[in-house]
Each structure stands twice: as C-alpha cells, then as structure tokens.
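**Student:** Sharing a structure below in structure tokens format, with a few things to ask.
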Amino acid sequence: MVSRVSTGFCFPFSSLKNERHGNHYLTGCDASILIDGSYSEKTVAPNLSLRGYDVIDDAKAAVDRLCPVVVSCADLIAIAARDAVFLSSGGRYEVQTGRRDGLISLAQNVSIPGPSASLSQAIPFFLKKGLTLIDMVVLLGAHSVGAVNCSFIKNRLYNFRNTGIPDQTMEPFLANELRLRCPSNTTVDSSVQLDQNPFPFLDNSYYMQILSNRGVLRIDQELAMHPLTRATVMSLARGFDFPTKFGAAMLKMGAIQVLTGTQGEIRTSCRATNRPPFT
C-alpha cells in the first residue's frame, strides 16, 4: 500500500473521501460504499469520483492470507485513510478497530452533499451525525490533497447562480487560471487541484488559500466567509495544530454508527456481502 500511495496524491484523497464521504455519511462506518451492484451506493453521483477500491481489495487479500475473516473492510478503510494522512505529511493518529461490515448498500440510502453543495447544505449533514462545526471545518482540510472535475465548478467560473457572470468571491487570477483549465466549450471533463500549493501535503495551506479567496469549490470559499466558521478557519490557518485536530476529528467520525459484536459480518470480499443478494 505504501508504494501505491507514494506514486502520487490522488489515492490519499480517495482514501480520505472514502472515509469522509462515502463510508460514514450513509448508514455509518460499515464499508457499504465498497459493495458492487447496479443500485449500490457506488452508483450515486457524489460517489462516482471515488477511487482506490483496488487498494482496499489488495489490503483485504493480504490480511486474510494471515488472519482469514478477522479484519473487516470497514476497519481497512479507516486504516487506509490513516496511512494516507501520514503519507501526505498530515501526522499520525491511532485507529480504533473492531468494526464489522454492513449487509446493505442501496443508492436510495445515500443522502450526502455533492461537490457543488453549499455550506448551508453541508452543515446539517455533519450536525446530524454528532459532529460539530469545528469538526466539519477541520475535516474539510482534506481538500488540501484533493482534486475536482471541472463540471462541478464551471458555474462558479462562467454563470454563477444564473447571473451570467462568474462568482465574484473568487480571486480573479485564480478564476482566470481555472477557466484555462476548464474551458466552457469543451466536452472533456478535466480535473483541477483544490489547493494551489504545489506540494501535495495535508496541511493548513488549504485554510490560507480560502482566506485569500482562492477556494475552488463553493463550500470551500463559503467556509472562510461564513460567520459560524470563519474564526475556526483563521485559527487553523495561523496555528500549528492542524494535524492533531485532523486526527482527532477523523477518530470521532470513525466512531459514527459502527457495527460491532454480532452485528453485520466480516466480509470475505469487500465488494460483496457473504449472504447475497444485498445490492
């Protein structure tokens, strides 16, 4: 896994996104996002950009060779996210284990804000799961190693809220740069980095960028402007404790609605339940 993550920074973000979006904000920390199926959670728009499933498959195969049907896929997601954080220079935290895997993965159960969501749309999802606004601001720091497809930001670049003009809260030089990467008249859906820092580190540079009106996603820029979150953004941008706070927030999120004891199962394949069909 180390060699896979070290080849670039797309997988660390994928691991974090599996942890932060796909796995925990649906039915809980039960690896339901990993299950294949025509109507599984994988098929919902906010989850279509998730990657790294093959790395979880490889990890599952490796641990099962030594300890068959002992380590859950849900635990492997949490462990992979922790290692991705560490390999992105984001510090290290201890992962609690003992989760079991869920039996159901249904697209209709997915209710998470997508990349185009506003802050006001995202806040209720975090609060509903027992996370605070501070937790939300800290967890969105994962965008410092992320990328997004142009299709999710074109409205900010060309026709924000159907005004016919770009989003005026975006710093003009960044807007011009992004328009070069994301032309309005192309069918190719390229991707752009969420943090303009040339070094792929999970650090507080994300907060510095959004305080300078260089947030790529709408939610990123609103995070730096909203009265409920701006103070936290400023504190993280000026401080040196982001890695510690990020690890604590990941641990807190990792305890959301876990299955333990006789609940669920330990899958033999992360892509399917042991007792099909559950798609």
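**Student:** So, of the residues in segment 30-52 that are surrounded by fewer than 23 Cβ atoms within 10 Å (Cβ to Cβ) and in contact with a strand residue (DSSP E or B) (Cβ under 9 Å, 6 or more places away or on another chain), which turns out to be farthest from Ala147 (Cα to Cα)?
**Tutor:** Per the criteria, the residue is Gly37.
**Student:** Restricting attention to segment 218-233, which residues are buried (at least 22 other Cβ atoms within 10 Å of the Cβ) and among the hydrophobic types (A, V, I, L, M, F, W, C)?
**Tutor:** Once the filter is applied, which keeps residues that are buried (at least 22 other Cβ atoms within 10 Å of the Cβ) and among the hydrophobic types (A, V, I, L, M, F, W, C), segment 218-233 yields Ile219, Leu223, Ala224, Val233.
**Student:** What do you reckon, is Ser120 under 16 Å from the mean Cα position of the chain (by Cα) and surrounded by fewer than 19 Cβ atoms within 10 Å (Cβ to Cβ)?
**Tutor:** Details: under 16 Å from the mean Cα position of the chain (by Cα): no; surrounded by fewer than 19 Cβ atoms within 10 Å (Cβ to Cβ): yes.
No; evaluated as a whole, the condition is false for this residue.
**Student:** Applying the selection to segment 234-273, what residues are open to solvent by 60 Å² or more (accessible area, probe 1.4 Å), under 13 Å from Ser32 (Cα atoms) and modelled with pLDDT of 95 or more?
**Tutor:** Listed by number, the list holds a single entry, Arg271.
Here is a yes/no grid of residues against (1) under 28 Å from Ser235 (Cα atoms); (2) basic (Lys, Arg):
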position: Leu133; (1), (2): yes, no
position: Ser144; (1), (2): yes, no
position: Arg156; (1), (2): yes, yes
position: Thr169; (1), (2): yes, no
position: Thr187; (1), (2): no, no
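**Student:** Additional query: How about segment 51-94: which of its residues are assigned to a loop (DSSP other than H, G, I, E, B) and of a type in the set (Phe, Trp, Tyr)? Working first, answer last.
**Tutor:** Our first condition is that a residue be assigned to a loop (DSSP other than H, G, I, E, B); within segment 51-94, this holds for 51-52, 67-72, 88-94.
Residue satisfying the conditions is Tyr93 alone.
**Student:** Continuing with this model, one more query. Quick one: which helices (runs of 4 or more DSSP H) sit completely within segment 95-167 and have at least 2 residues that are of a type in the set (A, V, I, L, M) and touching a residue at least 40 places away in the same chain (Cβ under 8 Å)?
**Tutor:** Working: elements: 119-128, 133-139, 154-158.
Because the criterion is at least 2 residues that are of a type in the set (A, V, I, L, M) and touching a residue at least 40 places away in the same chain (Cβ under 8 Å), the helices (runs of 4 or more DSSP H) in segment 95-167 that meet it are 119-128, 133-139.
**Student:** What residue, among those in segment 178-209 that are assigned to a loop (DSSP other than H, G, I, E, B) and of a type in the set (A, V, I, L, M), is surrounded by the fewest Cβ atoms within 10 Å (Cβ to Cβ)?
**Tutor:** In the first step, residues of segment 178-209 are kept if they are assigned to a loop (DSSP other than H, G, I, E, B); the result is 182-190, 194-204.
Still in the list and also of a type in the set (A, V, I, L, M): 188, 194, 202.
Numbers: Val188: 7, Leu194: 24, Leu202: 28.
Result: Val188.
**Student:** Take segment 46-61 and flag every residue that is over 11 Å from Ile33 (Cβ atoms) and more than 14 Å from the chain's Cα centre (by Cα).
**Tutor:** Scanning segment 46-61 gives Asp54, Val55, Asp57, Asp58, Ala59, Lys60, Ala61.
**Student:** Can you tell me which of Ala249, Ala175, Ala231 is under 21 Å from Pro115 (Cβ atoms), part of a helix (DSSP H, G or I) and free of Cβ contacts under 8 Å to residues at least 24 places away in the same chain? Spell out the reasoning first.
**Tutor:** On the way: Ala249 fails: free of Cβ contacts under 8 Å to residues at least 24 places away in the same chain; Ala231 fails: under 21 Å from Pro115 (Cβ atoms).
Of the residues listed, the single one that is under 21 Å from Pro115 (Cβ atoms), part of a helix (DSSP H, G or I) and free of Cβ contacts under 8 Å to residues at least 24 places away in the same chain is Ala175.
**Student:** Would you confirm, using the coordinates I've provided, whether Ile219 is of a type in the set (Val, Ile, Thr) and in a loop (DSSP other than H, G, I, E, B)? Write out each step before concluding.
**Tutor:** Working: of a type in the set (Val, Ile, Thr): yes; in a loop (DSSP other than H, G, I, E, B): no.
Answer is no for this residue.
The values are calculated or read from the model by the stated rules, or taken from the named source; none is laboratory data. None of these values were measured; they are calculated from a predicted model. Positions of Cβ are generated from backbone atoms using ideal geometry, with glycine treated the same way; all protein chains shown enter the neighbour counts. Note: accessible area is taken over every heavy atom of the protein model, side chains too, but ligands, DNA and RNA are not part of it. Shrake-Rupley method; radii C 1.70, N 1.55, O 1.52, S 1.80 Å.
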